[in-house]
Amino acid sequence: MTTVAFVGLGAMGSRIAANLLQAGFTLKVYNRDRAKTAALAAQGAAVADSPAAAAQGAAFVVSIVADDAASRAVMLGEKGVLAGAAKGTVVIDSSTNSPALARELGAAAAAKQIAYLDAPVSGSLAQAQGKELVFLVGGDQAAFDQAQPLFAAMGRLARRIGGPGHGATLKLINNMLSATLTAALAEAALAAEAAGLDRDVTVEILGEGAAGCRLTKTKLPKMLKRDFAPQFQIALMDKDVRYFLDMAQALDRPTPIAALVRSQYQAARRNQLGKLDTAAVFLQAAGEPPKG
């Protein structure tokens, strides 16, 4: 069977890797915290001591880590993926990176005749678990075609958008919109509570209205129930909107709404809410202290 190296076994990565293993791929895994490899090792995955060691002998490498700094380390480090991957390997980078870093990694991979797909995902834990992720892919068409069996095992849709950096660009636009709607839902929840509206009816009707979407149907109930168990952490969303603002500045495009929204997530992160779900931006808007 095809050997796949998987780097990064956080909440999203561990679920995606498990789906690849269940689909019949031979899996080699690496995570900085080795304890997080135990569950996959018990299912038959081999555990590597470095990203380079994981990439050795693998036809594909999938990586999903937190930010540009982590991606740079696992890809370009002395023991990084590009140090261990052979010519012709296809790297699927599903981290949410800045477009500039995606282009840099794409160039570094091309110099070693390695194909780099900038392939962040749309979706959260439930979509990762249920193979419902959408992959936003920038990179070579031939490599994208070659990776189709992996995309099919990990998600429900993969679209090639352009070259390296284009996947990251669309992902940051997507997450900026997600952050903006979630912040608006927090203000809606505050008003609904203050007016004494029935919680279930509020969720139902708003879900059927102009703002009806997956976020309204998932984040609004979490706010009204004070359930902030993380599906996507505030700290990560704050990072993504910051990356969006940097990108928009480089493109010379005005972003007054996104800048205001980012200030809410930044304040929430600084107020010790960073590890909670993005729905906890409600606590920041309400002026409620963090729990626990």
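Kindly evaluate Asn97 against the criterion of being in contact (Cβ under 8 Å) with a residue 60 or more places away in the chain, under 20 Å from Leu133 (Cβ atoms) and either in the same structural domain as Ala126 (by TED's automatic domain parsing) or surrounded by 24 or more Cβ atoms within 10 Å (Cβ to Cβ) (or both). Talk me through it step by step, then tell me what you get.
Working: in contact (Cβ under 8 Å) with a residue 60 or more places away in the chain: yes; under 20 Å from Leu133 (Cβ atoms): yes; either in the same structural domain as Ala126 (by TED's automatic domain parsing) or surrounded by 24 or more Cβ atoms within 10 Å (Cβ to Cβ) (or both): yes.
Taking the combined requirement at face value, the residue satisfies it.
Out of everything in the stretch 260-292 that is among the basic types (Lys, Arg) and part of a loop (DSSP other than H, G, I, E, B), what residue ends up being surrounded by the fewest Cβ atoms within 10 Å (Cβ to Cβ)?
Restricting attention to the stretch 260-292, the residues satisfying the condition of being among the basic types (Lys, Arg) are 262, 269-270, 275, 291.
If we keep only those that are part of a loop (DSSP other than H, G, I, E, B) too, we end up with 275, 291.
Details: Lys275: 14, Lys291: 10.
That would be Lys291.
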Some residue of the stretch 155-173 being part of a loop (DSSP other than H, G, I, E, B), of a type outside the set (Lys, Arg) and closer than 23 Å to Phe25 by Cα: no
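Answer yes or no: is there a residue in the stretch 99-120 that is on the phi > 0 side of the Ramachandran plot and either of a type in the set (Gly, Ala, Ser) or part of a strand (DSSP E or B) (or both). Write out each step before concluding.
Within the stretch 99-120, the subset on the phi > 0 side of the Ramachandran plot is 113.
Those left that are additionally either of a type in the set (Gly, Ala, Ser) or part of a strand (DSSP E or B) (or both): none.
No, the conditions are met nowhere in the stretch 99-120.
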Those residues of the stretch 183-227 which are among the acidic types (Asp, Glu) and over 10 Å from Ala279 (Cα atoms), in sequence order: Glu187, Glu193, Asp198, Asp200, Glu204, Glu208
Breaking point among (1) farther than 17 Å from Thr3 by Cβ; (2) touching a Phe, Trp or Tyr at 6+ places or on another chain (Cβ under 9 Å); (3) assigned to a loop (DSSP other than H, G, I, E, B), for Lys79: (2)
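Hey, among Ala85, Ala17, which residue is out of contact with any Ser or Thr (no Cβ under 9 Å at 6 or more places or on another chain), under 29 Å from Pro230 (Cβ atoms) and at pLDDT 95 or above? Can you show your working first?
Values: Ala85 fails: under 29 Å from Pro230 (Cβ atoms).
Within the list Ala85, Ala17, the selection yields Ala17.
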Within the stretch 1-58, helices (runs of 4 or more DSSP H) holding 2 or more residues that are crowded, with 22+ Cβ neighbours inside 10 Å and in the same structural domain as Gln129 (by TED's automatic domain parsing): 11-22, 51-55
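Ile257: surrounded by 18 or more Cβ atoms within 10 Å (Cβ to Cβ) and either modelled with pLDDT of 95 or more or in contact with a Cys (Cβ under 6 Å, 6 or more places away or on another chain) (or both), yes or no?
On the way: surrounded by 18 or more Cβ atoms within 10 Å (Cβ to Cβ): no; either modelled with pLDDT of 95 or more or in contact with a Cys (Cβ under 6 Å, 6 or more places away or on another chain) (or both): yes.
Against the criterion (surrounded by 18 or more Cβ atoms within 10 Å (Cβ to Cβ) and either modelled with pLDDT of 95 or more or in contact with a Cys (Cβ under 6 Å, 6 or more places away or on another chain) (or both)), Ile257 does not qualify.
The values are calculated or read from the model by the stated rules, or taken from the named source; none is laboratory data. Keep in mind it's a predicted model, so treat the numbers as computed, not measured. Counting neighbours? That spans all protein chains shown, and the Cβs are built from the backbone with ideal geometry, glycine included.
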